[in-house]
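Participant: Before I ask anything, here is the structure I am working with.
The values are calculated or read from the model by the stated rules, or taken from the named source; none is laboratory data. Quantities reported herein were computed from a predicted structural model and do not represent experimental measurements. Please note: Cβ atoms are built from the backbone with ideal geometry, for glycine as well, and neighbour counts cover all protein chains shown. When the accessible area is computed, the model is the full protein with side chains, heavy atoms only, and any ligands, DNA or RNA have been set aside. Shrake-Rupley method; radii C 1.70, N 1.55, O 1.52, S 1.80 Å.
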Amino acid sequence: MKSILSFLAIVMASLLFISCGKKNDTDNSTAIIGKWTAVKQYDKSYVAGQLISSDTLAIVAPDYATFEFKTGNVFASDYSVQGEEDHVTGYYKLQGNQISVGATEADPEKEIYTYQLTGNSLTMSISYSDTVNSVIYRDDVKIELKK
């Protein structure tokens, strides 16, 4: 449960500081619209290229995470983990197999997820990396959502 809290905290904090651009009229631009509920999260952590942990978490009540993509490129997310709740709104942009999400349309920074949309399933993946004392730390996060 700590991993999901960490992931959601990173996503929510990132959304407060990130942004995206204008609407992209791809075939998925209308298919992604709607409310998506997170059902599983997959986490892998690496240090210097070596896998150090791998977790798969089912997201079950009373915990939840929802992502809603609305017309006008508006994004909203709600989550509750161990009673801690949060709500974040922002903007999104689709481009190829990537979705950028952010807090305001004017902010040039953004967080970019690779996504796959198949029917009523949406998978969003992102990697975070940092270098400390010449050692590369990387976390790969994938979240599976259902409509």
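Participant: Being open to solvent by 50 Å² or more (accessible area, probe 1.4 Å), modelled with pLDDT under 95 and in a strand (DSSP E or B) narrows it down to one of LYS93, LYS142, so name that one.
Facilitator: Testing whether each residue is open to solvent by 50 Å² or more (accessible area, probe 1.4 Å), modelled with pLDDT under 95 and in a strand (DSSP E or B) leaves just LYS93.
Participant: A further question follows. Given (1) under 18 Å from GLN116 (Cα atoms); (2) at pLDDT below 50, where does LEU16 come up short, assuming only one miss?
Facilitator: Result: LEU16 passes all but (1).
Participant: Before we move on, is TYR128 in contact with a helix residue (DSSP H, G or I) (Cβ under 8 Å, 6 or more places away or on another chain), surrounded by fewer than 15 Cβ atoms within 10 Å (Cβ to Cβ) and in a strand (DSSP E or B)?
Facilitator: It is true that TYR128 is in contact with a helix residue (DSSP H, G or I) (Cβ under 8 Å, 6 or more places away or on another chain), surrounded by fewer than 15 Cβ atoms within 10 Å (Cβ to Cβ) and in a strand (DSSP E or B).
Participant: Does any residue of the stretch 48-69 turn out to be over 30 Å from SER134 (Cα atoms), touching an Asp or Glu at 6+ places or on another chain (Cβ under 7 Å) and surrounded by fewer than 20 Cβ atoms within 10 Å (Cβ to Cβ)?
Facilitator: yes
Participant: Residue by residue through the stretch 36-71, note down the ones that are touching a residue at least 24 places away in the same chain (Cβ under 8 Å) and not in a strand (DSSP E or B).
Facilitator: Those that are touching a residue at least 24 places away in the same chain (Cβ under 8 Å) and not in a strand (DSSP E or B): ALA48, GLY49, ILE59, ASP63, THR71.
Participant: Whether any residue in the stretch 76-87 is closer than 30 Å to VAL135 by Cβ, of a type in the set (Ser, Thr, Tyr), assigned to a strand (DSSP E or B) and open to solvent by less than 30 Å² (accessible area, probe 1.4 Å) is what I want to check.
Facilitator: No, the stretch 76-87 contains no residue that is closer than 30 Å to VAL135 by Cβ, of a type in the set (Ser, Thr, Tyr), assigned to a strand (DSSP E or B) and open to solvent by less than 30 Å² (accessible area, probe 1.4 Å).
Participant: Do we have VAL135 as exposed (fewer than 14 other Cβ atoms within 10 Å of the Cβ) and more than 17 Å from ILE33 (Cα to Cα) here?
Facilitator: Yes, satisfied.
Participant: Of the conditions (1) under 19 Å from ILE33 (Cβ atoms); (2) in contact (Cβ under 8 Å) with a residue 12 or more places away in the chain, THR118 fails just one. Which one is it?
Facilitator: (2)
Participant: Could you list, in sequence order, all residues of the stretch 96-125 that are among the acidic types (Asp, Glu), out of contact with any helix residue (DSSP H, G or I) (no Cβ under 7 Å at 6 or more places or on another chain) and open to solvent by less than 70 Å² (accessible area, probe 1.4 Å)?
Facilitator: ASP107
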